[in-house]
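To start, the structure itself, in structure tokens.
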Amino acid sequence: MTTVASVSEETESSPYALSHLDSLESEAVHIFREVAGEFEKPVILFSGGKDSIVMLHLALKAFAPAAIPFTLLHVDTGHNFPEVLDYRDRTVERHGLRLHVASVQDYIDRGVLKERPDGTRNPLQTLPLTEKIQSERFDAVFGGGRRDEEKARAKERVFSLRDEFSQWDPRRQRPELWNLYNGRHAPGEHVRVFPLSNWTELDVWQYIAREGIELPEIYFAHEREVFQRSNMWLTAGEWGGPKDGETVEKRLVRYRTVGDMSCTGAVDSDATTLDAVINEIAASRLTERGATRADDKMSEAAMEDRKREGYF
Amino acid sequence: MTSTTEPTEPLSVEQLSATTLLRFATAGSVDDGKSTLVGRLLHDSKSILTDQLEAVEHASRNRGQDTPDLALLTDGLRAEREQGITIDVAYRYFATARRRFILADTPGHVQYTRNMVTGASTADLAVVLVDARNGVIEQTRRHAAVAALLRVPHVVLAVNKMDLVGYEESVFAAIAEEFTAYASELGVPEITAIPISALAGDNVVEPSANMDWYGGPTVLEHLETVPVSHDLAHCHARLPVQYVIRPQTAEHPDYRGYAGQIAAGTFRVGERVTVLPSGRTTTISGIDLLGKPVDAAWTTQSVTVLLADDIDVSRGDLIVPSKDAPPTTQDVEATVCHVADEALTVGHRVLLKHGTRTVKAIVKDIPSRLTLDDLSLHPHPGRLVANDIGRVKIRTAEPLPVDSYADSRRTGAFILIDPADGTTLTAGMVGESFAAPQPVKDESDDDGWDF
């Protein structure tokens, strides 16, 4: 009868088998070090969201005991959660980092960008980001994007080439073989680098728990005044909500993603600890973007279109 | 507001943290039921979430299809959806209680070779799909050849659509035997054949009730248990230096660490090592494993190594055990897969990236092109175009410490880059194309086939 090689028993107990978190961590550290070795002026996009917090943690580990050879860049929409801005500033202070800020509000005040009728500022981030990359001559820009987030991202490279207008052309992407990343680019072009490409939302949370990484408190369940719009709970505030017909109520919620207040929804949750959050995500039947991001619901290709224009 | 949770049983934090990672690739066309197999693995492991499924159902209805087309889950680009084809490798993620999986889903038709080579380059396992009604066809042989060329350690032959051949053991046995003979001859070290019906769910996640003559694992059971760590005792240890860490602070005035990801084997504190290509020798005085001092470290850990002597070491160098140093050479012979639209020609001036070192190089000769369907050789083609596999001879401007790809996938691999526009041109594997065939087993050993 059929005999199949028996492979199971000793393998899982092999002392040389890395856990999946160790594998992912090592891969991300390798990516940070490749960029440090091959680029002149890299920068980490740092929003104070969990993915960028994990990126910063990995970068600190990759170069310890030396300081990280990168600066940070935050695209400030003007509608950020105050808890997240506090976290950002504390982190910069604690690690002695340099922070660049590209401000959407500045662009609106100068009349370069116009507020959208729906009040959403997410699509407005692209121009300030692109111009900051050009004016500071950043040649590598680390983003926290993960391939599991969205289908246009499932085909993103770890090293993703952008032209001088920051545009992404899916047909110009280079095949990536083994771990031999190709960072060659012409003057004026830059490379977006995604060290968390192979991580899932659950991996990020497990890693946060394992490493004891501090997060902004809005990731955990808390009472908040919210109102319902497009089937999501949005925080009431100066940015433009609630409007007529929308009513504010107090609910126990937490955020699964952190972005612009105008388009990032909270989810009903009583998860006040990391373990509770991890269990909640492991059981969730919705993706984090599906549950919390209004902008990705616009069309089948909403993310692809924003990526082509230079969005992160 | 819809609740985001329902009362399924989540894995405990401990369970989730103890899992290992398997990278695998799937090969096969839509006609073989690849999308159905991938869809079933994702669906039955609860990795397709409600909003994703709703989006697929919605898009399928818009196209006039009654049932959700699971290919729409992976065809993420507008051009792919418009043309109804998959043009690029898609990475999918799923997990069970035992393991986390990264699936490189490679399309069957357009740019086929380039995509499967890309997906297979990082894969520990490849699933080759055949239709039980058609058996081993030209495409199957091509898939086996790519897996063999890329030295993917484990190959699974999934004989699909068993429901359409009456779940007949003899049909499966004949296909498994033919494929195993072919792939073994190419040097594939481990082949596991599994009779399945992706549509009906036989032997994908759950054991089949229709094939009690089959006693082996289901596809998912096999993916969960196949070994992911290599036999390190027989591996050459290799550490490509990525970056030199020099804090130059009051706290660490003299710290000088060589950072890199161990490409193969194990390194120990106290070990004599040689730095290539310079050939200088010293001793490992310490290993930092991301902030934690350790006595030994192994592939694929990212580490920082401290050396006893103050010798010149920089990015691009390779640290190896002194007793097991590869020779350095400026003449590289390799099997390559050309991945760019622009052709590779004799006399082409290129950049060659090997490990962390990038050097100038010139293509001296293209002795042959290989047809994957029948493994026939075409001597002196003069050029290689996109998706061609061939042999090349390259002269590098500086000596490189290369291993044979058969011995070390990471330090036997390289890419060629166009110096003008940075395009990745070619993927290269140093040394012979295929491994020597496995010794033929005595047929009397058992009454079936032996993997």
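The single condition among (1) at pLDDT 95 or above; (2) more than 17 Å from B:P419 (Cβ to Cβ); (3) within 14 Å of another protein chain (Cβ to nearest Cβ) that B:A386 does not satisfy is (1).
Mind checking which residues of segment B:301-345 are more than 18 Å from B:S278 (Cα to Cα), touching a residue at least 60 places away in the same chain (Cβ under 8 Å) and polar (S, T, N, Q)? Even if it seems obvious, please write down each step before you answer.
Narrowing segment B:301-345 to residues more than 18 Å from B:S278 (Cα to Cα): B:301-304, B:332-345.
Now drop any that are not touching a residue at least 60 places away in the same chain (Cβ under 8 Å), which leaves B:303, B:332-340, B:342, B:344.
Result: B:T335, single match.
Considering segment B:404-428, and only residues there that are under 19 Å from B:Q261 (Cα atoms) and facing chain A (nearest Cβ under 9 Å), the residue that is surrounded by the fewest Cβ atoms within 10 Å (Cβ to Cβ) turns out to be B:R409. Applying the criterion of at least 2 residues that are without any contact (Cβ under 8 Å) to a residue 60 or more places away in the chain and within 11 Å of chain A (Cβ to nearest Cβ) to the strands (runs of 3 or more DSSP E) found wholly in segment B:86-169 leaves B:90-95. Note on segment A:254-280: among residues that are buried (at least 21 other Cβ atoms within 10 Å of the Cβ) and within 11 Å of chain B (Cβ to nearest Cβ), the one that is farthest from A:V104 (Cα to Cα) is A:I278.
Across segment B:424-439, which residue is nearest to B:I389 (Cα to Cα) among those that are in contact with a helix residue (DSSP H, G or I) (Cβ under 9 Å, 6 or more places away or on another chain) and at pLDDT below 95? If we take residues in segment B:424-439 being in contact with a helix residue (DSSP H, G or I) (Cβ under 9 Å, 6 or more places away or on another chain) and at pLDDT below 95, then B:S433 is nearest to B:I389 (Cα to Cα). Listed conditions (1) out of contact with any Phe, Trp or Tyr (no Cβ under 8 Å at 6 or more places or on another chain); (2) part of a strand (DSSP E or B); (3) not assigned by TED's automatic domain parsing to the domain that holds B:L276 are all met by B:G347, apart from (2).
Could you look through segment A:210-260, keep only residues that are β-branched (V, I, T) and under 19 Å from the mean Cα position of the chain (by Cα), and pick out the one that is farthest from A:Y87 (Cα to Cα)? Checked segment A:210-260; the qualifying residue farthest from A:Y87 (Cα to Cα) is A:T257.
Scanning segment A:201-220 for residues that are closer than 18 Å to A:L60 by Cβ and either facing another protein chain (nearest Cβ under 10 Å) or not in a loop (DSSP other than H, G, I, E, B) (or both) gives A:V204, A:Y207, A:I208, A:A209, A:R210, A:E211.
Let's see how each residue does on (1) facing chain A (nearest Cβ under 9 Å); (2) under 28 Å from the mean Cα position of the chain (by Cα):
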| residue | (1), (2) |
| --- | --- |
| B:I245 | yes, no |
| B:R256 | no, no |
| B:G265 | no, yes |
| B:V294 | no, no |
| B:R315 | yes, yes |
| B:K323 | no, no |
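Could you run through segment B:369-403 and say how many residues are out of contact with any helix residue (DSSP H, G or I) (no Cβ under 6 Å at 6 or more places or on another chain), surrounded by fewer than 20 Cβ atoms within 10 Å (Cβ to Cβ) and of a type in the set (D, E)? Qualifying residue count, segment B:369-403: 2. At least 1 residues being crowded, with 18+ Cβ neighbours inside 10 Å is the threshold, and among the strands (runs of 3 or more DSSP E) wholly inside segment B:221-322 those reaching it are B:243-245, B:257-261, B:266-268, B:272-276, B:280-289, B:296-298, B:302-307, B:318-321. Of the residues in segment B:127-140, none is touching a strand residue (DSSP E or B) at 6+ places or on another chain (Cβ under 6 Å) and more than 23 Å from B:E168 (Cα to Cα).
Residues A:R162, A:R116: which one is under 28 Å from B:Q52 (Cβ atoms) and crowded, with 20+ Cβ neighbours inside 10 Å?
On the way: A:R116 fails: crowded, with 20+ Cβ neighbours inside 10 Å.
Just a single option satisfies the conditions, and that option is A:R162.
Tally up the residues in segment A:33-49 that are modelled with pLDDT of 95 or more and in contact with a helix residue (DSSP H, G or I) (Cβ under 8 Å, 6 or more places away or on another chain), please. Of the residues in that region, 8 qualify. Is it the case, given these coordinates, that A:I208 is modelled with pLDDT of 95 or more and farther than 30 Å from A:F165 by Cβ? Yes; evaluated as a whole, the condition is true for this residue.
The values are calculated or read from the model by the stated rules, or taken from the named source; none is laboratory data. Bear in mind the structure is a predicted one, so any value in this text is a computation, not a measurement. All Cβ positions, glycine included, derive from the backbone under ideal geometry; neighbour counts span all protein chains shown.
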